[in-house]
Amino acid sequence: MCSPILLGNSIQSWTTRGLFDQMTVNPNFEPARTEAVVRIDGHVDVLYEMLEAHSDVSFDNLPDLAVTVDKMKSVDVVAAVFALYCPDEYDGSGSKDFLAHLLAYAERLLKGLFHIKSAQDLSDCIRLKRPGMILLIENSDGLIEFDRTMLAQAGVRVAGLTHMGRNRLGDGNAVPFPEGLTEQGKDLVKELAREGFAFDAAHLAEPGFRDLVRLHEGPLISSHTGVRALADIPRNLTRNQVAAIIEHKGVIGIAADPKMLTLSGKASIDDIFHHIDWIAQSFGADAIGIGTDFCGFEGINAGFEDITKMTDLERIMREHGYPEKSIRAIMGENWRIFYESLLQ
Ligand SMILES: [Zn+2]
C-alpha cells in the first residue's frame, strides 16, 4: 500500500495529465480519496422479528424494520450478521428441525441481500458496496444432530452455544447458579473447532465461558454485548472475558439494546459510545465492533433507532478525538478481518 505522501505525489502528476492519459497509462488508477469506512453490523435479530410478526413477507417488503436494504445502502453498511436464533423452548428433540426451518426461511425470505458464504463474497460486497448477509447460530442445541454440511454450504461458521436458558450444551446468561459446559457441550465444541467454527459467547454464562476458552484455542467473539464495568449484569462481559476474547483474536460487538447498556434500561447513542470507549481505553480498538441486536430487543435507543445511525456513532467518536484508523476498525474493519479469515 502507498504511504500517504507517495499517494499525494502520484495524484498531482496524474491530475496534470487529464483523465484519458490516466486511463491509458493505468486503467486501475483510482483517484485519491479518504479511505471509505467499511460498516458491518455483527449481530441483527431481523429473522426473529420476521418470523414473529411478519411470517411470510420477504425482507425487501418490510420497510419499517430497523434494518432494511435501503437503510443499509444509504450509509454503506456492506454486511450484517443475521442470527439464526433458536428459542430455548425447542431445545432437545425440537431444536434440529427448528434450525433447519430457520435456515430455509432465511434463504427464502432474506431477499435483497447478497448471501455471503466466503471471504471473496465479503470482499466483493465491500468493493461493490452491495449489502450482504452472513448467518450465525444463536443457540446451538440443534447442532448435536444437525447435518452440518448444510451449514458449510450456507457459510455458517459461528456458533453461539446457548441462548439465555439451559440447553444440552451448557447454561446461558439467565440461569441462576450456572454451571459449565456439559459433556455433550464439550464434545460439540471440539467437533465444531475441528470443522473450523468460531464461537460466539454472547449468551454463555461465565462457567461455560471458562470451559470454552480452556477447550478452544481458535476464534471467539461476543457478537452483541455490553461490558460489566458500565452495566453489571450477567449478560455483559467482565474485564477478564474481554481480555480472553482479544487473546482468541475475536471481536466484541457492542449492542444498542438499552438493557445491556445501562442498569436503568434506558439508553442513548452516547451509552453505546461509553461501552466502546471503555474497551478502547482499556485494551485499544482492535477487537471492538458493532453488534446492534436490532429487532431483538424491546424499547428504543435514543439517537440510535436504526442502522442508518451508524454514521452518528462515527461522529461521536470523532468528537472525542478518535483517530480515523480506530473509527474504521470499530465500524467494520475488525469484523471484516475476522470474517475474511473465518470464511477462507
Ligand atoms: Zn441475543
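For a quick check of your reading of the filter: which trypsin sites (Lys or Arg not before Pro) in the stretch 68-140 sit in a DSSP loop and have no more than 15 other Cβ atoms within 10 Å?
K111, K129
Mean separation of Cα pairs under 8 Å and 6+ residues apart, divided by the residue count of the chain: what relative contact order is that in percent?
Answer for the chain is 18 percent.
Using the count of nearby Cβ atoms within 10 Å as a rough guide to exposure, how do H320, H274, H54 rank from fewest to most?
Lowest count first: H320, H54, H274.
Over 19 Å between Cα atoms, which of K71/K129; K73/K129; K71/K325; K71/K111; K73/K309 qualify?
Among K71/K129; K73/K129; K71/K325; K71/K111; K73/K309, the Cα-Cα distance tops 19 Å for K71/K325.
Enumerate the calculated ³J(HN,Hα) couplings along the stretch 59-66 in order (Karplus 6.51 cos²θ - 1.76 cosθ + 1.60, θ = phi - 60°), each rounded to whole Hz, writing x wherever the residue is Gly or Pro.
Coupling constants for the stretch 59-66: 3, 6, 10, 10, x, 8, 5, 5 Hz.
Where in the stretch 239-328 are there trypsin sites (Lys or Arg not before Pro) that are in a DSSP coil and have at most 14 other Cβ atoms within 10 angstrom of their Cβ?
K266
Taking other Cβ within 10 Å of each residue's Cβ, how do T292, T68 sort, fewest first? Write out the running numbers ahead of the final one.
On the way: T292 28, T68 22.
Neighbour counts put them in this order, fewest first: T68, T292.
Within a 10 angstrom radius of the beta carbon, how do S74, S264 rank from fewest other beta carbons to most?
By the 10 Å Cβ count, ascending, the order reads S264, S74.
So what is the calculated 222 nm ellipticity per residue for the chain, using -39500 (n - 2.57) for each DSSP H run with n of 4 or more, over all residues, to the nearest 500 deg cm²/dmol?
On the way: 15 runs with 135 residues, N = 344.
It lands at -11000 deg cm²/dmol.
Hand me the GluC sites (Glu not before Pro) from the stretch 96-159 located in a DSSP loop with no more than 15 other Cβ atoms within 10 Å, in residue order please.
Of the GluC sites (Glu not before Pro), the ones in loops of the stretch 96-159 whose Cβ has at most 15 other Cβ atoms within 10 Å are E145.
May I ask you to list the lysines whose Cα is less than 24 Å away from that of K186, ignoring any residue fewer than eight positions away on the same chain?
Of all the lysines, those that pass the test against K186 - Cα under 24 Å, at least 8 places apart if same chain - are K96, K249.
With a cut-off of 8 Å between alpha carbons and a minimum separation of six or more residues, what is the relative contact order of the stretch 112-231 in percent?
Relative CO of the stretch 112-231 lands at 19 percent.
Coordinate-derived values only; no laboratory data. What you see is a predicted model; the values in this text were computed from it and never measured. Cβ coordinates were reconstructed from backbone atoms using ideal geometry, including for glycine residues, and neighbour counts include every protein chain displayed.
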